[in-house]
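Laboratory data are not the source of any read-out in this text; all were calculated from the coordinates shown. Note that the coordinates shown come from a computational prediction; the quantities given were computed from them, not determined experimentally. Ideal geometry is used to build each Cβ from the backbone, glycine not excepted, and the neighbour counts take in all protein chains shown.
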Amino acid sequence: MTTYFHDYSLVRLLHKNGPEIVHHIISLNDSDRYLRFGYVCSDEQVAKYVSNTINQEDVQKNFWYGIYDQTNLIATLHVAMGNGLAEFAFTTDEKYRGQKLGQLLFARGYQLATEFQISRIFMACLSQNAAMRHIAKKFGMAVVTHGTDSEASINITYPVPLSKISEVHHILVDKGIV
């Protein structure tokens, strides 16, 4: 399948986009919610999570990015930052998987982390979440598995080596974004 990234828009999601994020996440089936949160959370728990992380007063700690097709939010990245650490969490609608949208979101999150001089990017997922483990390995993250849970991390040194900036740039070029 060929993916044409000019058919998509990657944008920063703001407080006003909260209902769209909630709708996107609650549209996931139970299995996908389990993979995303580690348990099957209720619609109310999703709404509370989004509300708590897209709060207007908290714009320097939580960032949301989304990818839209022509009309719908189809993938998200939540970046939670604090104490030099950025944690990434992703969702993608089932019919859009396998199109490297997670990699595109990771590249944008990496760029954001460097803008804030973050020293480490971290992702937590269930060990059975092959897509998240694939993204982690694709970007050179060390993946450690403890039973049913996996953690991935990568340290960022400053100044950011030109090779890393070049790598992110190539990913964006390959995807037709720049």
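Contact order, relative form, for region 11-78: 38 percent (alpha carbon pairs under 8 Å, 6 or more residues apart, mean separation divided by residue count).
Modelled label positions at N83 and K137, each set 7 Å beyond Cα in the direction of Cβ, lie 3.0 nm from each other.
If R0 equals 22 Å, the separation of the Cβ atoms of N155 and S127 corresponds to a calculated FRET efficiency of about 0.50. Running Debye on region 1-134 with equal point scatterers at the Cα sites and no solvent, what base-10 log of I(q)/I(0) appears at q = 0.16, 0.21 Å⁻¹? Taking Cα atoms of region 1-134 as identical point scatterers yields -0.82, -1.46.
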